[in-house]
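Novice: Encoded as structure tokens, here's the structure I'll be asking about.
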Amino acid sequence: MRTPVIAGNWKLFKTISEATTMVAELKPLVAGTSHVEIVVAPVFTALSRVADVAAGSNIHVAAQDCYWEEEGAYTGEVAPKLLKDAGCSHVIIGHSERRQYFGETDKTVNRKTRAAITAGLTAIVCVGETLAERESDTTFAVIEAQLTGGLADLSTGSLKQVVIAYEPVWAIGTGKTASDAQAQEVHSFIRSLIARLFDRSTAEAIRILYGGSVKPDNVRGLMSQADIDGALVGGASLKADSFAGIVNFAD
């Protein structure tokens, strides 16, 4: 059985005070939840404080990005070992916004993923197609290229520290959501691709999340699909009650 992951990507929202208040509010709402792994991803400046507030609870902390070098003359970058030091257990890598606005490529995703794994972090590796790519019937080709490049040179064992997040770019922050069947089709393809790139047992064990306007009122249908193992949540993760509603989808 794959333990689902519900991860909240807070993007460029919340001061330190707002982030710690949010986690304090979330804790009692999910305290009895054991059927999913809960992750929140604040901005860099709030990571350490959020980790302190989450300590001893079932809430894990992720960063939204990292760099691939451990240290050096790389002004403005944050190494995976520094994220670990700040209290992180996870890091999001290759989000479509990083690809769109900051030049992220499959090659940099791969370097960051390998560095995160070496530092002992779980890498949440994001893939997804644009609306134009979906309409031109190249979704599977895009996903295959992103995963083949992003996971290049990883060992089968290291995939235990990888979670894949499928986020159709056209559904992020738009209010549009892939239908349950559309999402399942791509998730099934991803699992079959992992089986080809690695092996069947690794494919069966890896967790694949769906992201793209996930809300409390649509999460149950998505989570009922055979190959959907959780959600990477944007806007609905910014309030404790709505995020708890997604976390507790089975209630």
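Computed from the coordinates by the stated procedures, all read-outs in this text should not be read as laboratory data. Being a predicted model, the structure only gives us computed values, none of them experimental. Note: ideal-geometry Cβ built from the backbone for every residue, glycine included; neighbour counts use all protein chains shown.
Novice: Under a 5 Å amide H to amide H cut-off, with H placed in plane at 1.01 Å, what residues pair with VAL214 once short-range neighbours are removed?
Specialist: GLY234
Novice: A follow-up question, please. Shape call for region 1-116 from the C-alpha gyration tensor, a ≥ b ≥ c root eigenvalues: rounded (a/c under 1.5), prolate (a/b greater than b/c) or oblate? Intermediate values should be presented prior to the final figure.
Specialist: Working: a/c = 1.90, a/b = 1.55, b/c = 1.22.
It is prolate, given that a/c is not under 1.5 and a/b is the larger ratio.
Novice: Moving to a separate point now. Roughly how many Å is it from the Cα centre of region 57-95 to that of region 119-149, as a whole number?
Specialist: 21 Å
Novice: Okay, next question. Could you tell me which of the pairs LYS11/LYS107; LYS11/LYS112; LYS160/LYS215; LYS14/LYS112; LYS160/LYS239 are separated by over 20 angstrom between their Cα atoms in the structure shown? The partial results should precede the final answer.
Specialist: Details: LYS11/LYS107 23 Å; LYS11/LYS112 18 Å; LYS160/LYS215 28 Å; LYS14/LYS112 25 Å; LYS160/LYS239 30 Å.
Those over the limit are LYS11/LYS107; LYS160/LYS215; LYS14/LYS112; LYS160/LYS239.
Novice: About the Cα centre of region 95-251, how large is the charge dipole given +1 on each Lys and Arg Cβ and -1 on each Asp and Glu Cβ? Please answer in debye to the nearest 20.
Specialist: On the way: 16 positive and 19 negative charges, 101 e Å.
The dipole of region 95-251 has a size of about 480 debye.
Novice: Across all directions of projection, what mean area in square nanometres is found for the Cα convex hull of region 9-64?
Specialist: On the way: hull surface 13.7 nm².
One quarter of the hull surface, i.e. the mean projection, equals 3.4 nm².
Novice: Something else about it: Less than 12 Å apart at the alpha-carbon level, and either on another chain or at least 8 residues along: which aspartates and glutamates does that give for LYS84?
Specialist: GLU70
Novice: What is the local net charge at HIS35, summed over the other residues whose Cβ is closer than 15 Å to its Cβ (Lys, Arg +1; Asp, Glu -1)? It would help to have the intermediate numbers written out before the result.
Specialist: Details: positive: ARG2, ARG207, ARG220; negative: GLU37, ASP229, ASP251.
Counting the neighbours of HIS35, the net charge comes to 0.
Novice: Taking H as built 1.01 Å from N, whose amide H comes closer than 5 Å to the amide H of ASP65, not counting residues under 5 places away?
Specialist: ILE92
Novice: Which shape class applies to region 106-162: rounded if a/c is under 1.5, otherwise prolate when a/b exceeds b/c and oblate if not, where a ≥ b ≥ c are the square roots of the Cα gyration tensor eigenvalues?
Specialist: Values: a/c = 2.83, a/b = 2.56, b/c = 1.11.
In terms of gyration-tensor shape, prolate.
Novice: Related question: Tally Lys/Arg at +1 and Asp/Glu at -1 over every other residue whose Cβ is under 12 Å from the Cβ of THR122; what's the total? Kindly include the intermediate steps, with their values, before the conclusion.
Specialist: On the way: positive: LYS84, LYS160, ARG207; negative: GLU37.
Computed value for this residue: +2.
Novice: Over the Cα atoms of region 71-201, how large are the radius of gyration and the largest Cα-Cα distance (Dmax), in Å?
Specialist: 15.2, 47
Novice: Using amide H atoms built 1.01 Å from N in the peptide plane, name the residues 5+ places from ARG207, or on other chains, whose amide H lies under 5 Å from its own.
Specialist: Those qualifying (amide H under 5 Å, at least 5 residues apart or on another chain) are ILE164.
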